[in-house]
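Written below as structure tokens is the structure these notes are about.
The values are calculated or read from the model by the stated rules, or taken from the named source; none is laboratory data. In this text, all values refer to a predicted model and were calculated from it rather than measured experimentally. Here the Cβ positions follow ideal geometry from the backbone for every residue, glycine too, while neighbour counts run over all protein chains shown. These accessible areas exclude ligands, DNA and RNA; they are computed on the full protein's heavy atoms, side chains included. Shrake-Rupley method; radii C 1.70, N 1.55, O 1.52, S 1.80 Å.
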Amino acid sequence: MTTKPKLLIVDGMALLFRSFFASAAMGHYIRLADGTPTNGAQGFVRHVLTAQSIMKPTHLAVCWDMGSHTFRNELFDGYKANRPAPPEEMLPQFDMAKNLSQQIGWQNFGVKGMEADDLIGSMITKFQDEADITVISGDKDLLQLLRPSTEIAFTKKGYTEYDVYTHTRFNDEYGIEPIQFAQVKAFMGDTSDGYPGVKGIGPKQALTLIQTYGSIENVLKSIDELKPGQRTKINENLDMLKLSHELATIQTNVPIEAELASLVLPNYEPQTFKEIEERGYTLIAKQARSLYSLI
């Protein structure tokens, strides 16, 4: 019996932001000789190296947002409009992180106009029958992507602690299928993404509606069964309910220009990390040597 490949999909932007703000809060920007900050990029790489040592994948892919403007901004002006611009110290680290990833031998993926979430969803759809998949992220929206062959590891503390959701755990906790989660989000909205859903319907009511009726369409068909207050709220926000569902749904059909074989993890060479160290990324080199016994 052959063992299935294990694919680790990394939400690069989530780890980059997490690493940046964790150290920036204490004023630790860890600059290169020319003054360029590296705290987020080095933290991202160290996090992935550590995750690899814990999860033991055979294949790895890193997914990125390609700029802040996506097709969702075309659908709704308010999408993520409440998010502040990245701090100045972070700006050079987006390309820096991608370049480091590429130098180490990890495959980067990004498509203009799409979010990293959409790339992750499409990659899961493409490879779900070929590999067991783990996704690392901090974004609970990804719960809708759970499959029997896919788990989501949400970052918790440091580089080693995760809150891991499987398809079974999600079923047990939410009482719906993962694919229905975007319909829950459509009712409750998402303040961090800037879309309101149905004003006055919170997470608990939203989940109960989908548990009871199965879909937005069935809720609307059965609207006369709802309490008068709920009925009024939904009828007054019908257009936003439908738009919120579109915004909450992760795309799973973005073309992925790669086959699984091209995502095989490289054997790390001491020279690779020596060169990275010589360019000033000393924390990455130290972490790699410690985890992978590189001399």
Query raised in the report: Debye sum, Cα scatterers, the stretch 154-237, no solvent: what log₁₀ I/I(0) at q = 0.15, 0.20, 0.26 1/Å?
Result: -0.61, -0.93, -1.28
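Consider all pairwise Cα distances in the stretch 1-158 and report the whole-number % of them above 26 Å.
28 percent
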**Report entry** Average projection area in nm² (convex hull over Cα atoms of the stretch 1-92, one quarter of hull surface)
**Finding:** 8.8 nm²
Report summary line: Expected max-MSF residue from 81, 61, 261 in the GNM of the chain (alpha carbon, under 10 Å) is 261
Query raised in the report: If the chain were replaced by its equivalent ellipsoid, with semi-axes equal to the square roots of 5 times the Cα gyration tensor eigenvalues, what would those be, largest first, whole Å?
Result: 38, 22, 15
Query - Förster radius 41 Å - calculated FRET efficiency between residue 294 and residue 112 (Cβ-Cβ, nearest 0.05) - result: 0.70
Query raised in the report: What's the angle, to the nearest 10 degrees (0 to 90), between helix 39-55's Cα axis and the longest principal axis of the chain?
Result: 80 degrees
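Give the residue list of GluC sites (Glu not before Pro) in the stretch 191-295 that are DSSP loop and have at most 16 other beta-carbon atoms within 10 angstrom. Kindly include the intermediate steps, with their values, before the conclusion.
Numbers: sites: 217, 225, 236, 246, 257, 259, 275, 277, 278; in loops: 257, 259.
In loop regions of the stretch 191-295 (DSSP not H, G, I, E or B), the sparsely surrounded GluC sites (Glu not before Pro) are 257, 259.
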Report summary line: Helix 12-24: inclination vs the chain longest Cα principal axis, degrees, rounded to 10, gives 70 degrees
Report summary line: Diffing the stretch 255-262: the Karplus 3J(HN,Hα) column from phi (6.51, -1.76, 1.60, θ = phi - 60°), in whole Hz with x for Gly and Pro, holds x, 9, 7, 6, 9, 4, 4, 7
Report task. Within the stretch 64-161, list the trypsin sites (Lys or Arg not before Pro) lying in a DSSP loop whose Cβ has at most 11 other Cβ atoms in a 10 Å radius. Result -> 112
Report task. Give me the accessible area per residue for the chain, probe 1.4 Å, as a whole number in Å². Result -> 48 Å²
Query raised in the report: Which of the lysines could a cross-linker span from residue 4 if the Cα-Cα distance has to be under 19 Å and same-chain partners fewer than 8 positions apart are dropped?
Result: 56, 126
Query raised in the report: If you roll a 1.4 Å probe over the stretch 49-170 with all protein chains in place, what percent of the accessible area is carbon or sulfur?
Result: 50 percent
Report task. Collect residues whose amide H, placed 1.01 Å from N in the peptide plane, falls under 5 Å from the amide H of residue 31; neighbours closer than 5 in sequence don't count. Result -> 38
